[in-house]
Structures are given as structure tokens and as C-alpha cells.
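Input: a single structure, listed below in C-alpha cells.
The values are calculated or read from the model by the stated rules, or taken from the named source; none is laboratory data. A quick note: this is a predicted structure, and the numbers were derived from the prediction, not measured. Please note: Cβ atoms are built from the backbone with ideal geometry, for glycine as well, and neighbour counts cover all protein chains shown. Accessible surface is based on the protein model in full, side chains and every heavy atom, while ligands, DNA and RNA are left aside. Shrake-Rupley method; radii C 1.70, N 1.55, O 1.52, S 1.80 Å.
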Amino acid sequence: MLETPEQSAAGRFDTILIANRGEIAVRIQRACRELGLKTVAICSEADREAPYGSTADSLLCIGPSSAAKSYLNQDAILLAARLAGAGAIHPGYGFLSENAAFASAAEKAGLTFIGPTSSSIATMGDKISAKRAMMAAGVPCVPGPDTALPDDPATIERIALEIGYPVIIKAAGGGGGRGMRVVPKADVLHEAIALTREEARKAFGSPSLYMEKFLEHPRHIEIQVICDDHGNAVWLGHRDCSMQRRHQKVVEEAPAAGIVPDIIQPVGMACVQACLQIGYRGVGTFEFLYEDGAFYFIEMNTRLQVEHPVTEMTSGVDIVQAQIKAAQGHVLDLNQGDVTCEGHSFECRINAEDPDSFLPSAGVVTHLALPTGPGIRVDTHIHAGYKVSPYYDSLIAKLIVHAPTRAEAMARMREALAGTEVEGISTNIPFLRALFEDGAFAQGETDIHYLEQWLKLRRAA
Ligand code: ADP
């Protein structure tokens, strides 16, 4: 790689080990090739035959099928990076992407971790310290203290009364929609805390909890940021991820419908300010709940997100390339004034799961047809004959569309879903097709409970 004057020496590398699998491994490889970088793939025994292995410049099998022994095995991954001569590690999303200890171990091993510093990950990974940092930077947060809940029952009761019921108890180290419990009224407060504390201890290794106002009808709106190592940061517009089942996103869109520039502009600028204040590097997402015209910060994801393509479609920025360039020490090549939002984009997460019970469905894909046409993008790692393994997340493809308006993008998604055929395993495609026929969703601005209520009505019908 040629060194440009604005590139610092710290992030020099020409080979990236991608510490992930599936569609995101394919996506990152594509960005690397376009940047002239070599890639190292890693796989578990279950993924030995996966196509993302053969499209990388080299492939190392790092362990058995269980994720704990392969994609989460830090020592094996660092050893693979050393053996393959990688200078950097891209963690993708999930697995070790928000593990501060891994980012730090990579840096200690002389590798560039493609993400923020381990201390930024640690600050934002603890939802209490994240909230504190955001409050200090002037980012609006959900009402509630920026400190962990004490043990004293009387103090806890007082905090809940000050916030006002309903409240939500959340694990400081929580993630993936787990470690949360809504408390509608005082008489179940202590029981809810005891249950959530136990869950948090088991699932996240820390019993630390905090309390905030439970917003009853919010939308989930998030802001994508990119920052370099030279004090530059921009936000790339907003996404709506309110279509959730069990707090897990199913459909995402950009921009969020009905959000006028006047209300989002100050929030976007506050996010940029927060990044500069904490010395953030790379890409990140500020997640907000939006209710009655106000935004409330809930957490920051210090990594690339599953739904990044909808922002790529509307902003025209290749977020993965921008992330890699930031890690190489390049100066950000766009200013806030250069950021535009053109048209509307939707993403559907296609999961290998039963469309009614949502139970995972493993097995061989016997037939696969993917849609093509203007404004249609499919990010996937599967092919006809691919064996969907039971060991990992059920995401098998992301269907992304882009069109001038929201209504046109919805029509395009209906067309794209009609052209998607997956046989041999069950998928949520029938459910997504029905959702894109729904009148209220077509109107836009539905809240985070809408999908669950819609599913309940469908089941009852
Ligand atoms: P995780 O890290 O597990 O994804 P988040 O804090 O991002 O947890 O919350 C995930 C989802 O939980 C949100 O999108 C929202 O649906 C719900 N949620 C979280 N906090 C609140 C709150 N204060 N009020 C209402 N819903 C909430």
C-alpha cells in the first residue's frame, strides 16, 4: 500500500483477518478487495466448506463448530492472524466485535483492531457509563439516573417513584435484547430486580443494573456516525428499526419516516459532539427511542451494524470501506456538508426459521432464487446446496432495496420478496411478504410494539 501524507504510521496494514463468518464476512471481503487489501478468513469445522472461505486470500480453520471454541476463541484468532501475516482484524458484528479485552489483546499483539479503541468499547459497552458519557456530551437520554442501582430497597423504591411507573430495569452489560424487565407498578419492583440481576449475572457476568423510564409507544431511531483519528466526525443520517420481535430488528429503513430535519439535526450534531468528546474512531451507531417528538439515547453500538446497508443506499457512502480507511489512519474524506440522503431504502433480514413459530431451521438449501433489478441488493453467503448449520445466528441473507420514495421502495421490496425463493429449509419470507402488504406499516411511523401486535392478530385470525 502506498502511504499517503495524511495517513498515520499506526494503522499501516495490507492484510486483514476477518474474525467473523456468513454474510458479513462476504461483505467485508468485498470492501477489502476494492481497497486492494488481502483477506484472511477463519472458519469453524462446521463452516469448512462455506464459500466465504474460498473467496478469501487464505483460510484458517480455528476450532470446532461451537462458537465459544471458534469465533469467540480469542487466542486462536490472534494466532491465526500471526500465522497468516495479517496486520489488522475486522471483527464484523456479533462475536468479538464489542469485546474490549479482545480489541486490547489485538492491539498488544501489534494488530490494528478495525473499530474504536478498547477504552471507547469499554465505556460504551457498559450502558451506565455510556449514558453518563452521553449526558455529559449533551445527548438527550431516557429519564433515570446514570448510576447503578444500589442494594438498599428503600432507595430503589424512591428512584422508581422519582422516574414514575412504568419503569424498565436493564442490565448494564446487556445486549441482544436480553437483560431487561418492565415494571408496571411498585408491588412487583423488587421481584423484577432480583430476577433481572440473576439473569444479568449469568448471561453477562455482571449483576450491575440500572433503571429508566419505560417509554410505552416509542419508535427505535438510530444515527450512524463515522469518525477518523484526526478529530473529524460526521453523521450519515438516520434509520428506523422499530420493526422488532423480542427486541430483535427484523426490517430496517432509512431515512426514518416523518422525521423532519429540524428535529433530527440537533440530535445528529450532539452525536458528532459526543464522538469528538470521547475520542471515538471508526463507525458507530447511536440508538434512540423517539416518542412524542423527543429523542432519548438508549445505547451506542461501537461496531458495524447488520442494517448498515440502508444507510449506504441513501448516503452513497461505503461504510465498510470508510471504517477500514479510518483504521488505516486516513483523514475522513467527507464533511458534514457533503452528506446527503437520497431516496428511501428498506432491508429485510431473511432468517432460516419457521415463519410461524420462529424456531430456527437448519438443513440444506435445495433451491435458491435471488431477485435482481434496479435498486435491489442482496447481501448473502448462501447458495443452492449450502448447509445452514444450527450452531450460529439464523440470518441467511439481507434483502435491500432503494427507490426515490418510501412508497416506491415498499413496492420494490414486495417485488424483491416475490422473486426470492429458498427451498429445503424454512424461512421467514412468507411473513415478510405479508408484512409488506400491511396498511399501517405502509403509512409509516409505527412503534416498536407494532410487529408483535400484528403477529398476535395474524395468529388469532
Ligand atoms: P440491547 O443492547 O439488548 O439491544 P437496547 O438498550 O438497545 O438493548 O434496547 C433494545 C430494545 O429494547 C429497544 O429497541 C426497545 O425496543 C426496548 N427498550 C429499551 N429501553 C427501553 C425503554 N426505556 N423504554 C421502552 N423500551 C425500551
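Which shape class applies to region 7-114: rounded if a/c is under 1.5, otherwise prolate when a/b exceeds b/c and oblate if not, where a ≥ b ≥ c are the square roots of the Cα gyration tensor eigenvalues?
oblate
In whole Hz, with x marking every Gly and Pro, tabulate ³J(HN,Hα) for region 422-437 from phi via Karplus 6.51 cos²θ - 1.76 cosθ + 1.60, θ = phi - 60°.
10, 10, x, 10, 8, 9, 7, 4, x, 5, 5, 4, 5, 4, 6, 9
With every protein chain left in place, what is the accessible area per residue of the chain in square angstrom, probe 1.4 Å?
Accessible area per residue, the chain: 40 Å².
Please give the FRET efficiency for Arg158 paired with Thr340, using the beta carbon to beta carbon distance and R0 = 45 Å, rounded to the nearest 0.05.
Step by step, r from the Cβ atoms, then E = 0.40.
Using a/c under 1.5 as the rounded threshold, could you call the chain rounded, prolate or oblate? The axes a ≥ b ≥ c are square roots of the C-alpha gyration tensor eigenvalues, and prolate needs a/b larger than b/c, oblate otherwise.
In terms of gyration-tensor shape, rounded.
Ala294 to Cys61: extension gain in nm, 0.36 nm per residue of separation minus the Cα-Cα distance?
Extra length from Ala294 to Cys61 when fully extended: 79.1 nm.
Could you tell me which trypsin sites (Lys or Arg not before Pro) in region 21-84 are loop residues by DSSP with no more than 10 other beta carbons within 10 angstrom of their beta carbon?
Sites meeting the loop and neighbour criteria: none at all.
In debye to the nearest 20, how big a dipole does the chain give about its Cα centre with +1 on each Lys and Arg Cβ and -1 on each Asp and Glu Cβ?
For the chain, the charge dipole is close to 840 debye.
When Lys and Arg each count +1 and Asp and Glu each count -1, what net charge do the other residues less than 11 Å away from Gly63, Cβ to Cβ, add up to?
Net local charge, Gly63 excluded: -2.
Rounded, prolate or oblate, given the Cα gyration tensor of region 324-461, with a/c below 1.5 counting as rounded?
oblate
Which whole-Hz couplings ³J(HN,Hα) result when phi for each residue of region 197-207 is put into the Karplus expression 6.51 cos²θ - 1.76 cosθ + 1.60, θ = phi - 60°, listed in order with x for Gly and Pro?
With coefficients 6.51, -1.76 and 1.60, one gets 4, 5, 4, 5, 4, 6, 7, 10, x, 9, x Hz.
Within region 6-78, list the GluC sites (Glu not before Pro) lying in a DSSP loop whose Cβ has at most 11 other Cβ atoms in a 10 Å radius.
Sites meeting the loop and neighbour criteria: Glu49.
Which value at 222 nm does the chain reach when only helices count, each DSSP H run of 4 or more adding -39,500 (n - 2.57), with the total divided by all residues and rounded to the nearest 500 deg cm²/dmol? Walk me through the numbers before you get to the answer.
Numbers: 15 runs with 154 residues, N = 461.
Calculated from helices alone, the mean residue ellipticity at 222 nm is -10000 deg cm²/dmol.
Which loop-located trypsin sites (Lys or Arg not before Pro) does region 240-347 contain, where loop means any DSSP state but H, G, I, E or B and the Cβ has at most 13 other Cβ atoms within 10 Å?
Arg246
When Lys and Arg each count +1 and Asp and Glu each count -1, what net charge do the other residues less than 14 Å away from Asn301, Cβ to Cβ, add up to?
Here the charged neighbours net out to -3.
Structure shown: which of Lys170/Lys249; Lys387/Lys456; Lys38/Lys249; Lys249/Lys456; Lys325/Lys387; Lys38/Lys325 lie over 23 Å apart, alpha-carbon to alpha-carbon?
Lys387/Lys456; Lys38/Lys249; Lys325/Lys387
Please list 3J(HN,Hα) in residue order for region 36-51, calculated via the Karplus relation 6.51 cos²θ - 1.76 cosθ + 1.60 where θ = phi - 60°; whole Hz, with x for glycine and proline.
3J(HN,Hα) across region 36-51, in whole Hz: x, 9, 8, 10, 10, 9, 10, 9, 8, 4, 5, 9, 3, 8, 5, x.
Keeping all protein chains in the complex and leaving out DNA, RNA and ligands, what accessible area do you get for Met410 with a 1.4 Å probe, in Å² to the nearest 10?
10
Could you tell me what percent of the DSSP beta bridges with both partners in the chain are antiparallel, to the nearest 5?
80
What residues qualify as long-range amide H neighbours of Phe436, i.e. H under 5 Å apart, gap of 5 or more or another chain, H built at 1.01 Å from N?
So Phe436 has HN proximity to no qualifying residue.
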